[in-house]
Amino acid sequence: MKEYDYKAIPYKERLTTLCGIALNQYNVIHIDIQQFVSKYPVIKDMVARLTKELLFDVKMEMPDVTLFDETDLVRTSKDIFSQKREKFIFIIDEWDSIFRVHRDNATAPKEYLDFLRDLLKGQPYVALAYMTGILPIKKYGQHSALNMFDEYSMTNQYALAESTGFTEREVRQLCECYQMSFEQTKDWYDGYNVNGVSIYNPRSVTSAMMNRVFDSYWTQTETYEALKMYIVRNENGLRDKIIRMIAGEHISINTKTFQNDMCTFETADDILTLLVHLGYLTYDFDTKTAWIPNKEVRQEFLNSIQGQEFQTVNNAIHRSDKLLQLTLAQNAEKVAEMLQEVHSDNCSVIQYNDENSLSCTINLAFYFAREYYTVIRELPTGKGFADICFIPRKLYADKPAAVIELKWDKDAHGAISQIKEKQYVDALKDYHGNLLLAGINYDKKIKQHTCVIERYHKQ
């Protein structure tokens, strides 16, 4: 076999090279676990049937092998290797489906992991084992023995980040081919931050291209339905964190406590981590924060909070269109009144203590603005950071851009002065002819919002 310096080859080329070398060199065993789980609700029965089918296939392909025990899959595989020196590649799809189907059964996963460990761990006949699924490998004491796997998940993809979904370059090519708006595609289906790589939902992008319609193609899962009760009950502040993310915030989470299953939730972070693995949230490995990635998933969250427990949030969202129109009309007094209403209605979520809390109120109140604007928090400028910027999307270029500065126990007029003095508007120089400045202050003594809005005219 030809020797290669793989470290000198780009990663994707490296994979292609390796695949070329290995082509037709190994026996391949492909197993779709989901097919067996759906047919055999008892794990012992499922394992027995799976074993029987694999043994049948192996013996059909290799009838010349002398077998010690034709009912023992592991021993049969060892006999094949010892007599023919041939190894196997195992490809296991939906490996974690047992954890999803039997999420309330503590025994079933252990029996299943025992089967996989005996079949794959340290066996001479295994050339490669490749498993796909949603969850990282569950660890149960001695059942942590599947530690020979390199795991790539939504919390850390390492070098496989670009293979997780469609990259931006691939989506641009698809949009050109199907004559669809790249900007709208990005708004609907982008947002997954995988080790710094921007990843799009491939199924949704494909559906949008084929149907020529931007819509939610998200497939609601039973798992998420089961998680809704935890959100409604606000366990460990989970509901409040979900609302903050709907408002556009990034939430710090600890993914290390997650038990890699569908039922062991000791903290809100455990549930949020599961939502990351399910694709409902994206996660930044460096900042250890999670957020709602795009319009499609945001719509799913909105669909899930239609109950009475979220009435005040829904009211704020439904009124956000009116608030935006009042802002564009420079009706500062009415804007302050509506912000006050949002704050009062959602005070259990938005506990005021600093400008970050004020920012959460603003983002929730201006939820509808995302239809027309790219909303950027802490946009860097020459002399600091603008708190919130509304940048019109290409389809709505006629709408004014906006710079919003937030103040805590100070003065709304002072916020406007700061925007000008620190030249925050320079970051939006393309909109100088169509730009609004807004200063918003919250006075904690009188518990009131004040607002000043003015149109910017370049000196």
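We did not get these values from a lab; they are worked out from the coordinates using the rules stated. Not measured: the values here are computed from a predicted model. Don't worry about glycine lacking a Cβ; one is built from the backbone with ideal geometry, like all the others, and counts go over all protein chains shown.
Structure data summary
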read-out: Restraint check, Lys228/Lys288; Lys256/Lys295; Lys322/Lys394; Lys87/Lys256, Cα-Cα greater than 30 Å; value: Lys87/Lys256
read-out: Separation in nanometres of the label points that stand 7 Å from Cα toward Cβ, at Asp32 and Met210; value: 1.6
read-out: Fully extended contour minus Cα-Cα distance, from Asp321 to Gln423, at 0.36 nm per residue; value: 33.8 nm
read-out: Centre separation in Å (Cα based) which lies between region 165-216 and region 36-54; value: 38
read-out: Cα-centre dipole for region 310-455 with unit charges at Cβ (Lys and Arg positive, Asp and Glu negative), debye to 20; value: 200
read-out: Rounded tilt (10° steps) of 311-328 against the dominant C-alpha axis of the chain; value: 50
read-out: Reachable lysines, given that their alpha-carbon falls under 25 Å from the alpha-carbon of Lys420 and they are not under 8 places away in the same chain; value: Lys334, Lys383, Lys399, Lys407, Lys410, Lys429, Lys458
read-out: Value at 222 nm in deg cm²/dmol, rounded to 500, when DSSP H runs of n ≥ 4 in the chain each add -39,500 (n - 2.57); value: -13000 deg cm²/dmol
read-out: Mean Cβ neighbour count within 10 Å, used as a protection proxy, ranking 25-34, 360-369 highest first; value: 360-369, 25-34
read-out: Percent RCO, i.e. relative contact order, over the chain, from Cα pairs under 8 Å lying at least 6 residues apart; value: 9
